[in-house]
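Here is the structure we will look at, set down as structure tokens.
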Amino acid sequence: MVSKVFAPLKRRVSSRAAAALLLLLALPALLGAVLYKPVGAGRSVNYAELPELFARAAAHLNASAASVERALAGRAPLADREGARLVLAELEKFREELEREDETGIVASLKRATGAYARLANASLAAYEAAEVLYGSRGSVRRFLDAVLDCDPAAMSEAAALVESNLTRAARLIGEAVAELAAVKPGDLPSEEHRELVESAAEKLARAHRALRELLKAVGIARRYPGDLKALCAVKRGGGSAQPSPGAVSALLDLSPGDAGPYAYPISRLKALIGGANPGGGSAGADSGAGGAGGVGGGAGYQPPPSDD
């Protein structure tokens, strides 16, 4: 039986998924008939375990993508790297055994399926690790975002130095997970429900990757252009104008708050500073497009991630 941890995967079985479910249920008997070997033939694995192993790999993918979303918002992830690692090891064992089988239609299909589910498990491992890294960095991320909202370049730079390495690592891990899922051929998965799950997980992870990319852009700006930010924040507080360097202008204009997920509001406030680069224009024009006039503060639309510190 699949553990209660994987219950969300089984809450609803649509009519379209019924045929795939029946196929998975029938696999043990089918495998026994097609891959039968007499006693003493040297088989070391039980192919009847494959359907549940496939379901566990899919469930880990579902859980790991949700864990990344939770960690991105500052909530504790439900990471189970050890469980995903065990599933991957079991799938690799079956794949090695299948290489020793006589090449038949079902053996070829099972090789492809086992390889595809191994990719799901591998993607889960990377996503679980990314979620743990993100959650462990939540305090520094929160301090950086607060500094952005306070328009405090010194605090931005200090927090950026603390968080940049972990954010880069998390983004790399999520990118690896997305790449693994992109390499899965839908036809290699025997379940339509699992194919839909892979598509959904890939979308969630891709959104998380885009959000981290934007946050890392903001972190890079704080690290490279503290002087420019200081001048722009002074304009924000007192009016007038500033003349930031071309590099700072380009970097600020390159921010895409719409891709930043839970970080959208503070990143939009950071980008709004570029309004102060227009001589005589002050910063009101930038404010009007990012949540109202006034200084960079904790306006409507942004809720800092909760702290578990």
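The values are calculated or read from the model by the stated rules, or taken from the named source; none is laboratory data. None of the values given here were measured: they were computed from a predicted structure. All Cβ positions, glycine included, derive from the backbone under ideal geometry; neighbour counts span all protein chains shown. These accessible areas exclude ligands, DNA and RNA; they are computed on the full protein's heavy atoms, side chains included. Shrake-Rupley method; radii C 1.70, N 1.55, O 1.52, S 1.80 Å.
Here Leu216 meets each of (1) touching a Ser or Thr at 6+ places or on another chain (Cβ under 8 Å); (2) among the hydrophobic types (A, V, I, L, M, F, W, C); (3) at pLDDT below 95 with one exception, condition (3).
Screening Ser44 with (1) of a type in the set (S, T, N, Q); (2) open to solvent by 50 Å² or more (accessible area, probe 1.4 Å); (3) modelled with pLDDT of 95 or more gives one miss only, at (3).
Quick check on Ser124: is it in a helix (DSSP H, G or I), open to solvent by 10 Å² or more (accessible area, probe 1.4 Å) and among the small types (Gly, Ala, Ser)? Give the steps one after another, and end with the answer.
Values: in a helix (DSSP H, G or I): yes; open to solvent by 10 Å² or more (accessible area, probe 1.4 Å): no; among the small types (Gly, Ala, Ser): yes.
Spelling it out, it is not the case that Ser124 is in a helix (DSSP H, G or I), open to solvent by 10 Å² or more (accessible area, probe 1.4 Å) and among the small types (Gly, Ala, Ser).
From the list Ala130, Ala147, Ala154, the lone residue that is touching a Leu at 6+ places or on another chain (Cβ under 6 Å), in a helix (DSSP H, G or I) and at pLDDT 95 or above is Ala130.
The residue pairs whose first member lies in the stretch 260-272 and is more than 14 Å from Ala73 (Cα to Cα) and hydrophobic (A, V, I, L, M, F, W, C), whose second member is at pLDDT below 95 and open to solvent by less than 20 Å² (accessible area, probe 1.4 Å), and whose beta carbons are closer than 7 Å, counting only pairs six or more residues apart or on different chains, are Ala272/Asp287; Ala272/Ala290.
Being of a type outside the set (Asp, Glu), on the phi > 0 side of the Ramachandran plot and either at pLDDT 95 or above or surrounded by fewer than 17 Cβ atoms within 10 Å (Cβ to Cβ) (or both) is the requirement here; does Gly239 meet it? Yes, satisfied.
The sole residue among Ser250, Ser200 that is out of contact with any helix residue (DSSP H, G or I) (no Cβ under 8 Å at 6 or more places or on another chain) and within 29 Å of Val178 (Cα to Cα) is Ser250.
Let's see how each residue does on (1) open to solvent by less than 40 Å² (accessible area, probe 1.4 Å); (2) within 30 Å of Ile274 (Cα to Cα); (3) in contact (Cβ under 8 Å) with a residue 12 or more places away in the chain; (4) in contact with a strand residue (DSSP E or B) (Cβ under 6 Å, 6 or more places away or on another chain):
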| residue | (1), (2), (3), (4) |
| --- | --- |
| Leu189 | yes, no, yes, no |
| Glu192 | no, no, yes, no |
| Leu197 | yes, no, yes, no |
| Lys204 | no, no, yes, no |
| Arg207 | no, yes, yes, no |
| Lys217 | no, yes, yes, no |
| Ile221 | yes, yes, yes, no |
| Arg224 | no, yes, yes, no |
| Asp228 | yes, yes, yes, no |
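Please tell me if Glu164 is farther than 28 Å from Ala222 by Cα and either of a type outside the set (Ser, Thr, Tyr) or modelled with pLDDT of 95 or more (or both). The answer is no for Glu164.
Can you find a residue in the stretch 90-101 that is buried (at least 21 other Cβ atoms within 10 Å of the Cβ), within 16 Å of the chain's Cα centre (by Cα) and assigned to a helix (DSSP H, G or I)? Checking the stretch 90-101: not a single residue is buried (at least 21 other Cβ atoms within 10 Å of the Cβ), within 16 Å of the chain's Cα centre (by Cα) and assigned to a helix (DSSP H, G or I). May I ask you to verify whether Val68 is part of a helix (DSSP H, G or I) and modelled with pLDDT of 50 or more? Criteria met by Val68. When restricted to residues that are under 15 Å from Phe144 (Cβ atoms), open to solvent by less than 10 Å² (accessible area, probe 1.4 Å) and not in a loop (DSSP other than H, G, I, E, B), the stretch 249-270 contains 5.
Just wondering, is there one or more residues in the stretch 209-219 that are in a helix (DSSP H, G or I) and β-branched (Val, Ile, Thr)?
First, pick out the residues of the stretch 209-219 that are in a helix (DSSP H, G or I): 209-219.
So of that shortlist, the ones also β-branched (Val, Ile, Thr) come out as 219.
Yes, the conditions are met somewhere in the stretch 209-219.
Restricting to the stretch 64-105, what's the tally of residues that are hydrophobic (A, V, I, L, M, F, W, C) and free of Cβ contacts under 8 Å to residues at least 12 places away in the same chain? Residues meeting the conditions: 2.
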